[in-house]
Each structure stands twice: as structure tokens, then as C-alpha cells.
2 protein chains.
Amino acid sequence: MFLASASPGSHLNVLLTLLIMWVAAKLMAELFERLRQPAVVGEILAGVLIGASVLGWVAPTEITSTLAEIGVIFLLFTVGLETRPLDIFRVGRKAGLVAVLGVIVPMVCGYLLMRAWGATNVESLFIGTAMVATSVGITARVLGQMGLLDLDTSRIILGAAIIDDILGLLILAVVSSVAEGRVDYLEIALTAGLAIGFTLFIAFVGAPAVTKMAPRIDNLRMENSFFVFGLALCLGLSVAAAYIGVAAIIGAFLAGMALAEATEGQKTMHKQMNGVTEFLVPFFLVSIGMQLKLDVFRDPSVLALTVLVTLVAVITKLVGGGAGALSLGWRQAGQVGMGMVPRGEVGVVVAQIGLGLAVINDALFGVVLFMAVATTLIAPPFLKMLYARDAMTD
Amino acid sequence: MFLASASPGSHLNVLLTLLIMWVAAKLMAELFERLRQPAVVGEILAGVLIGASVLGWVAPTEITSTLAEIGVIFLLFTVGLETRPLDIFRVGRKAGLVAVLGVIVPMVCGYLLMRAWGATNVESLFIGTAMVATSVGITARVLGQMGLLDLDTSRIILGAAIIDDILGLLILAVVSSVAEGRVDYLEIALTAGLAIGFTLFIAFVGAPAVTKMAPRIDNLRMENSFFVFGLALCLGLSVAAAYIGVAAIIGAFLAGMALAEATEGQKTMHKQMNGVTEFLVPFFLVSIGMQLKLDVFRDPSVLALTVLVTLVAVITKLVGGGAGALSLGWRQAGQVGMGMVPRGEVGVVVAQIGLGLAVINDALFGVVLFMAVATTLIAPPFLKMLYARDAMTD
């Protein structure tokens with residue numbers, strides 16, 4: 001099997017495809033880092049570049065889509081690993097208010113905009129959902145580079161972004177269930193109940209249980225027992241989530257959350273996990289880019305919708321998130337609102353699921369992808385401006 | 001595509017398959033560690049257990065075979081990472097003699113045994129080749145646990161095992177080229193020349209070049225630049241090797257060797273690599289086990305051949321390797337010879353390639369797999385006996 005010349009082109013082609021995808025992703029990541037832009041955007045653009053829209057070097061196959069799925073599962077697992085339930089309780093009411101308003105305003109406005117545009121109910125729900133999640137990574141990196149992670153507003157942003165992720169995934173579970181044609185309110189309520197119950201169970205029962213079990217896991221005879229246990233839990237809960245009808249990524253996220261407390265400070269485990277995601281996540285991001293059909297933007301109405309959706313996405317998060325933090329003062333509210341703007345990879349995941357369910361078409365996929373990428377690129381310079389005074393007085 | 005319920009059974013089944021394979025591998029690894037046996041054997045047996053021969057839970061698919069191939073590529077990459085060309089030059093003549101005799105004796109005896117048994121020329125060549133490589137990992141772990149890695153004989157064993165790997169891969173390249181029907185001596189010589197040239201080029205030009213470039217790689221803007229560069233080189237040389245007609249794993253091994261010097265002591269890079277292999281290598285080992293058809297051993301002649309091949313594999317390495325170290329004294333020669341006995345994963349790789357090329361059948365695959373596993377299990381207790389006196393006087 002391993003000799004390409006044995007069955008000409010078969011395994012060699014698979015290897016070549018993986019090589020091109022991976023190296024393209026990493027070259028673009030390096031380029032974007034040099035331009036002081038997020039690497040994640042570079043990796044998505046690498047996919048656009050090598051995909052059918054531009055160079056046509058690589059086409060999606062079952063293999064690439066499986067690797068992409070494993071990649072996004074591990075991506076959400078690592079997001080979960082940074083989500084300690086206790087931390088969320090600690091940031092308390094203020095972050096909760098920011099998160100909830102930062103979810104409702106974009107969701108409702110996005111939905112209404114799409115309905116006004118003439119989109120169907122399900123399409124509008126999906127676009128609204130894609131506007132919900134906040135990508136904490138981008139803002140955290142900007143604030144970290146400025147040395148401002150200890151500010152009150154920084155803590156509120158990070159806490160609210162985590163709550164947004166959880167709310168976003170719950171909304172996604174419900175919206176997907178609507179998209180699959182379950183118009184029965186009982187069924188939708190059941191999905192929502194299952195997703196919420198699963199989340200609460202992990203937060204209140206699973207996480208403490210894992211933390212309590214930690215010394216026993218450490219005592220296992222195998223090497224890297226924590227890493228192995230983590231991966232097994234991640235794959236196991238992904239399959240379990242898919243079985244009960246919510247997305248596999250929700251299970252992966254919850255697995256990470258369950259382990260967050262127990263693995264805090266476990267440097268080896270985090271580095272090993274980092275190795276796995278560093279290898280697999282590019283396949284997810286490049287696959288996303290490969291699925292973008294650039295020619296959808298030739299249609300002026302799609303282009304107009306793209307600009308509108310992006311504008312609404314920026315303004316609604318700014319206003320919704322900001323309103324939640326208004327008690328801190330206007331400047332702080334602006335900082336918090338802007339900190340919530342980047343949608344990053346989570347908005348992209350929603351778009352991908354919508355495309356996979358065939359409830360949004362190539363044009364809407366392009367609109368959402370552009371929105372996710374644009375909000376990610378727009379926010380950092382504004383954030384730096386809004387925080388400039390804090391950085392000076394710091 | 002991430003919602004299993006969206007397209008019933010498709011992605012959910014893939015995830016479930018991967019979950020079963022991975023968790024079975026890790027459970028058996030843990031069990032074998034508790035029995036003080038090599039984890040690698042446990043993971044292969046996990047494949048036998050869940051495969052068609054016993055439980056029939058999981059069948060090989062294109063996805064599992066691709067993951068297995070990526071797994072074995074990274075496995076050989078990490079073997080290469082431990083292979084510093086300078087170290088091989090240092091252990092010098094004695095290890096070279098042990099390695100060469102430890103290659104020639106098993107290869108020739110294995111070939112002759114199979115010919116005498118009535119096997120074809122190509123079959124016999126493959127079985128002979130599978131007897132060549134030494135799995136350094138098993139012996140290194142036994143000696144490490146006894147605290148004896150600093151002994152002269154230990155250094156010779158480890159050095160010779162590395163040379164064996166290189167010789168084994170070169171022989172594999174030539175034998176595969178024969179197996180593909182290239183009976184033309186010129187073509188076979190060309191393959192051998194390419195494989196040797198490729199190896200020498202990496203050892204004498206590639207490795208020093210990478211070592212020289214190391215500070216520049218470190219200066220790249222991306223995170224984990226060394227790890228990323230390493231993976232890109234691994235995938236790149238694997239594809240290059242497949243293109244010129246030698247196995248992809250040879251390219252992966254050479255990529256590791258090129259990086260060995262530059263990444264020595266780079267703990268983060270090694271831990272990240274460890275994460276990747278810990279996730280992917282089980283798919284290779286379980287796939288191997290899944291391909292074993294247990295009922296081939298119902299045929300008494302196959303059973304007899306299995307016992308014979310295993311005996312010859314043990315004796316020829318013991319005698320061949322030992323003869324090379326005879327100048328150190330009888331006891332030391334015995335230690336070195338026994339240290340070379342385990343075939344481990346490299347013998348398994350050869351069997352896998354033979355099966356993939358359809359030059360060995362299920363029965364012979366079973367014979368080789370049994371030999372590789374048995375030599376790996378047999379050697380450690382004898383090694384402990386042979387080294388008992390050194391451990392006491394140490």
C-alpha cells in the first residue's frame with residue numbers, strides 16, 4: 001500500500017494532496033504573521049488559492065473532508081480546554097450580560113436583515129447563528145501583545161466570549177434541528193433540552209468528576225496517560241453528541257471543558273495537543289477555503305449582501321456587547337463591544353455546517369465566510385486604537 | 001457534514017470507526033504495559049481483536065488505510081529523528097560489523113528457508129527482508145530500565161540497530177522493485193542507486209544544511225516553526241521518495257534523520273511530534289492487526305512454517321549480530337546478538353508493504369506478523385538474564 005508506484009497514482013496522489021494543502025496553509029500563515037494579520041485567515045485564503053476558484057490544484061475528497069472534520073473536532077476540543085467552568089462563574093453577571101446581549105442583538109438583526117432580503121426562514125436562522133459566536137483567540141492575542149490581559153474589560157471580554165461560544169453551539173443545535181425539517185416544536189425543544197442538559201451535565205458533574213479522577217489517570221501505566229485519556233474522551237463525546245443529534249463538535253468542546261480544570265498547568269499534555277491540532281486544523285481551514293466559489297461575488301446583489309451582512313455583524317456586536325458593559329463607562333463599553341467583533345473560526349464552522357446540510361447555498365456560504373474573515377481582520381486595529389490610552393498609562 | 005443525523009450514518013460511522021480503533025488500541029496498550037509487555041504488541045493485537053478474525057466490529061476502509069499510512073510515515077519520521085548521522089560515524093567499525101552480519105545472516109537464511117519450503121523467489125526475498133530490520137525501541141527500553149545504556153555493548157546495539165534500519169530500508173527498496181516485476185538488472189540497480197544516493201545525500205548534505213539553517217527556521221514568524229518545518233519536510237520527502245519509486249516511509253525516515261542534529265534538545269518540538277504520533281500511529285498498528293486472518297494458522301503447514309521462521313529469525317540475528325561482536329568476548333557477543341533480535345514495527349512495515357504489493361498472501365503475512373511480534377516478546381526476558389550480572393556489578 002505504501003509504494004505509490006505499486007498502484008500508480010493512488011496513494012501517491014493522496015499524499016501529494018495532503019502535502020499541497022498543508023504546506024500552502026503554513027506558507028500563507030507565515031505570510032500573514034509577517035503582515036501582522038491572523039494566521040487563521042491566511043490558512044483559509046490558502047484554501048481559496050489552491051482550490052477550484054483560483055489555481056485548481058486540489059479538489060475536496062472524502063479523505064480531505066474526514067481530516068477536516070477530525071481537525072475541527074480537535075480545534076473545538078482545545079477551545080474547550082481553555083474553558084474552565086469555574087472561571088465563567090467567577091466573571092459573573094457583567095460578562096453574562098455582555099454575552100447575552102452580544103448574542104441576541106446580532107442574531108435578531110441578522111435574521112431580520114436576511115428575511116428583509118428575501119431569504120427563507122432556515123437560511124436567515126443560519127446566517128443569524130453564524131453572527132453569534134465570538135472568536136476569543138484574536139482579541140486575546142491583541143490584548144496579550146499590549147500587555148493588557150489583566151484589565152477588567154479584558155476579563156469581561158474573555159468571559160463573555162466563552163459564554164458566547166456555549167450559547168452559539170446551543171443555538172446551532174436548535175437551528176440545525178429546524179434545518180433538518182423538524183418543524184415539530186416538541187422535537188426542537190427536545191434537541192435544545194438535550195444540548196443544554198449535556199452541557200450542564202458536563203459543567204456540573206463531568207468536570208468535577210474528571211478533576212477528582214485526575215490522580216488516577218496520572219497513575220495509569222501507559223505513557224502520556226492524560227493526553228490519551230483526553231483524546232479518548234474527545235472522540236467519545238463527539239460520537240455521543242452526534243448520536244443524540246447535536247453536532248460532534250459540541251461533544252468535543254464539552255470534552256475539553258470537562259478536562260480544563262484537571263489539565264491546567266499540564267504543559268506536556270498541552271504541547272502534545274498542540275502538535276495534533278497544528279497538524280490537523282490546517283486541513284479544516286484549507287477545506288473551508290477550497291469550498292468558497294469566488295465567482296458568487298460577481299453577482300452585484302451577492303456583493304451588496306456581503307457588505308451589508310458584514311456591516312451588521314460589526315455594528316450589532318459592538319452595540320450588543322457594548323450595551324452589556326455600559327455601566328463601566330462609554331470608553332470601556334466601546335472596548336468590550338469591539339473586543340467581541342471577531343467571529344473567526346466559530347462563524348466559519350457554522351457556515352460549513354449550513355453548507356453540509358444544504359440549507360445555505362454557495363452564495364450564502366461565501367457571504368458568511370467573508371463576514372467571518374472580515375470581522376476578524378477589522379477588529380484588531382480598532383481595538384488597538386480603543387486601548388491605546390490604557391497601554392500608555394499601564 | 002458534521003451532523004451525523006444530517007446524512008444518517010455517513011460521518012457518524014467514520015467517527016465511530018476511528019473511536020473504536022483508537023480506544024481499543026489504547027486499552028490494549030495499557031493492559032500490555034501492566035503485563036510488562038511492549039505496548040506496540042498490544043496495539044497490534046487490538047486490531048486482531050476488533051477485526052474480521054474475532055469480533056468483526058471494524059473493517060478497513062480507504063479512510064483507515066490513509067490514516068494508517070500517515071501514521072507509519074510519522075512513525076518512521078520519529079525513528080529518523082533519533083538517528084543522528086554523526087552518532088553512527090562515532091560508534092564506528094564494531095557496530096558496523098554487527099549490523100552488516102546481523103543483516104546478511106538473517107536475510108540469506110530466511111531466503112534459503114523459504115526457497116526450501118517451496119516459496120517463490122519474490123516471496124522468499126520479502127520474508128528475508130522482513131527478518132533484516134532491528135527494532136531498537138524494545139531493547140533500548142529494557143536496557144534503559146536496567147540503567148545500562150552507557151555500557152559498550154548497549155552503544156553497539158543501538159548503533160547497529162540504526163544501521164540495520166537504513167540497510168533494511170535500502171534492501172526493501174530493491175526487493176520492492178523486483179516484486180513489481182522489474183527483472184531488468186539495470187532498473188533494479190537504478191532503484192538501489194537512487195535509494196542509496198538519496199540516503200547519502202541526506203546524511204552528508206541535507207542534515208548539515210538543515211543544522212546550518214536551524215537559526216533561520218527558529219526566526220520564522222509563525223508559531224512552532226521547527227515543528228512545522230519538520231512536518232513539511234517529512235511530507236515533502238515522503239512524496240519525493242514515492243515519486244522516484246522507493247517507499248514513502250524511506251523519505252519520512254530520511255527527513256527525520258536530516259533534522260536529528262538540529263532538533264536535538266528541542267523539547268517542545270519533540271513533545272508536539274509525540275502528540276501527533278500518539279494519535280496517528282495506533283491507526284497503523286491496529287490496521288496491521290485488522291489485516292491478520294487468524295484462520296490461516298488452522299493449516300498445520302502454515303503453523304509449522306511460522307514456528308520455523310520465528311526460530312530462524314531469532315537464531316540468525318543472535319548468531320549474525322553476535323559474530324560481529326565476538327572480539328568483545330562470548331558473554332558480550334551474546335548480549336549484542338540478543339539485543340538485535342526484536343523485529344518490532346519495522347518487520348511489520350515490510351510485511352504490510354508485501355501484502356499491499358500482493359506479492360505475499362494472507363498466510364505469509366500471518367507468518368511474518370507472528371515472527372515480528374514473537375521476536376519482540378521473546379527477547380526482553382533473555383536480555384534481562386544475559387545482562388543480570390552487569391546490572392548487579394553496576
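Points to keep in mind about this one:
- Label sites at B:Asp218 and A:Leu149, each approximated as a point 7 angstrom past Cα along Cα to Cβ, lie 2.4 nm apart.
- Label distances, nm, A:Ile217 versus same residue in remaining copies, Cβ-directed 7 Å point: 3.1
- Relative contact order (percent, whole number), the range A:251-394, Cα cutoff 8 Å, 6+ residue spacing: 24
- For chain A, diffusion coefficient by Stokes-Einstein and Kirkwood Rh (Cα), 10 °C, 1.306 mPa s, µm²/s: 74
- Simple point charges give the picture: +1 on the Cβ of Lys and Arg, -1 on the Cβ of Asp and Glu, and for the protein assembly as shown a dipole about the Cα centre of about 1180 debye.
- Under 13 Å, Cβ to Cβ, from B:Val312 - net charge with Lys/Arg +1 and Asp/Glu -1: +3
- Longest exposed-site-free window of chain A, the sites being trypsin sites (Lys or Arg not before Pro) in a DSSP loop that have at most 14 other C-beta atoms within 10 Å: A:37-220
- For B:Gln145, label point 7 Å along C-beta direction: distances to other copies, nm: 5.0
- Mean-position separation - Cα centroids, the range A:23-53 and the range B:60-80, in angstrom: 26
- In straight-distance terms, cross-link reach from B:Lys293 covers every one of the lysines whose alpha-carbon lies under 19 Å from its own, apart from those fewer than eight places away in the same chain; here that gives an empty set.
- Karplus-derived 3J(HN,Hα), 6.51/-1.76/1.60, for each residue of the range A:162-179, Hz, glycine and proline x: 5, 4, 4, 4, 5, 4, x, 5, 5, 4, 4, 4, 5, 4, 4, 5, 5, 5
- Taking the Cα centre of the range B:260-303 as origin and assigning +1 to Lys and Arg Cβ atoms and -1 to Asp and Glu Cβ atoms, the resulting dipole is close to 120 debye.
- In this Cβ point-charge picture (+1 for Lys and Arg, -1 for Asp and Glu), chain B has a dipole of about 680 debye about its Cα centre.
- Considering only alpha-carbon pairs that sit under 8 angstrom and 6 or more positions apart, the relative contact order computed for the range A:317-377 is 32 percent.
- Taking both sides together, the accessible area buried where B meets A is about 6300 Å² for a 1.4 Å probe.
- Inter-copy label distances at A:Ala59 (7 Å, Cα→Cβ; nm, one decimal): 2.7
- Over 23 Å (Cα to Cα) - which of A:Lys317/A:Lys384; B:Lys317/B:Lys384; A:Lys267/B:Lys384; B:Lys212/B:Lys267; A:Lys94/A:Lys271 fall in this group: A:Lys267/B:Lys384; A:Lys94/A:Lys271
- Using C-alpha pairs under 8 Å with a sequence gap of at least 6, the mean separation divided by the residue count of chain A gives a relative contact order of 28 percent.
- The range B:141-180 and the range B:281-315: distance between their alpha carbon centers, rounded to Å: 22
- Furthest towards positive pole of dipole, A:Ala119, A:Ala130, A:Pro106, structure part the range A:82-132, Cβ charges: A:Pro106
- Charge sum, other residues only, whose C-beta stays under 14 Å from B:Met340's C-beta, Lys/Arg counted +1 and Asp/Glu -1: +2
- The residues B:Leu27, B:Leu231, sorted by heavy-atom accessible surface at 1.4 Å with ligands and nucleic acids left out, run B:Leu27, B:Leu231 from largest to smallest.
- Where N is the number of residues in the range A:75-153, Cα Rg divided by 2.2 N^0.38 Å: 1.37
- Scalar couplings 3J(HN,Hα) for the range A:212-218, obtained by applying the Karplus form with A = 6.51, B = -1.76, C = 1.60 to θ = phi - 60°, are 5, 6, 3, x, 5, 4, 4 Hz; x denotes Gly and Pro.
- Calculated FRET value between A:Tyr185 and A:Thr120, using beta carbons and R₀ = 25 Å, to 0.05: 0.85
The values are calculated or read from the model by the stated rules, or taken from the named source; none is laboratory data. Predicted, not measured: the structure shown is a model, and the values here were computed from it. Cβ coordinates were reconstructed from backbone atoms using ideal geometry, including for glycine residues, and neighbour counts include every protein chain displayed. Note: areas computed on protein heavy atoms with side chains; ligands, DNA, RNA excluded. Shrake-Rupley method; radii C 1.70, N 1.55, O 1.52, S 1.80 Å.
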